[in-house]
Amino acid sequence: MKQFFMTTTLSQYLQENNLQFLLEIIYSMQNVFIVSEEEFQVWIFRRAETNQFILELQDGNLNKILQIFYTAENVKIDEVKVWFENSTLFFPSER
């Protein structure tokens with residue numbers, strides 16, 4: 001696996017909202033062929049129900065690559081979108 005970086009702003013946000021596990025998931029998914037083939041990745045994590053969430057990977061053209069369902073407690077947000085490009089995970093506003 002290549003090196004994996006994350007912006008300080010995103011790191012703080014994930015920590016403040018009990019989303020540190022999201023980094024681990026996205027990092028581990030880079031070993032999945034269908035994911036690693038995407039040079040530009042859009043990851044959307046959104047609440048489906050109280051403790052049920054959907055993590056979706058899209059390419060840069062809004063095509064859905066995969067969708068994963070998760071159960072998580074104490075998550076403080078309803079949705080977050082991050083981009084992964086050039087081994088770096090960041091908010092779209094940080095590009």
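The values are calculated or read from the model by the stated rules, or taken from the named source; none is laboratory data. Computed from a predicted structure; not experimentally measured. So basically every Cβ, Gly included, is an ideal-geometry build from the backbone, and we count neighbours across all protein chains shown.
Being touching an Asp or Glu at 6+ places or on another chain (Cβ under 9 Å), among the aliphatic types (A, V, I, L, M) and on the phi < 0 side of the Ramachandran plot, is that true of even one residue in segment 81-89?
no
Among the numbered criteria (1) surrounded by fewer than 14 Cβ atoms within 10 Å (Cβ to Cβ); (2) modelled with pLDDT under 95, which single criterion is violated by Val75?
(1)
Looking only at segment 18-60, which residues are assigned to a loop (DSSP other than H, G, I, E, B) and exposed (fewer than 15 other Cβ atoms within 10 Å of the Cβ)? First the steps, then the outcome.
Kept after step one, since they are assigned to a loop (DSSP other than H, G, I, E, B), are these residues of segment 18-60: 18-19, 30-32, 37-39, 48-51, 59-60.
Matches in segment 18-60: Asn18, Asn31, Val32, Glu37, Glu39, Ala48, Glu49, Thr50, Asn51, Asp59, Gly60.
So how many residues does segment 21-61 have that are in contact (Cβ under 8 Å) with a residue 12 or more places away in the chain and among the polar types (S, T, N, Q)?
Here the count works out to 6.
Would you check if there is a residue in segment 55-64 being in contact with a Phe, Trp or Tyr (Cβ under 7 Å, 6 or more places away or on another chain), at pLDDT 95 or above and polar (S, T, N, Q)? First the steps, then the outcome.
Step one: of segment 55-64, the residues in contact with a Phe, Trp or Tyr (Cβ under 7 Å, 6 or more places away or on another chain) are 55, 57, 59-60.
Imposing the further condition that a residue be at pLDDT 95 or above reduces the set to 55, 57, 59.
Next cut, polar (S, T, N, Q) only: none.
No, every residue in segment 55-64 fails to be in contact with a Phe, Trp or Tyr (Cβ under 7 Å, 6 or more places away or on another chain), at pLDDT 95 or above and polar (S, T, N, Q).
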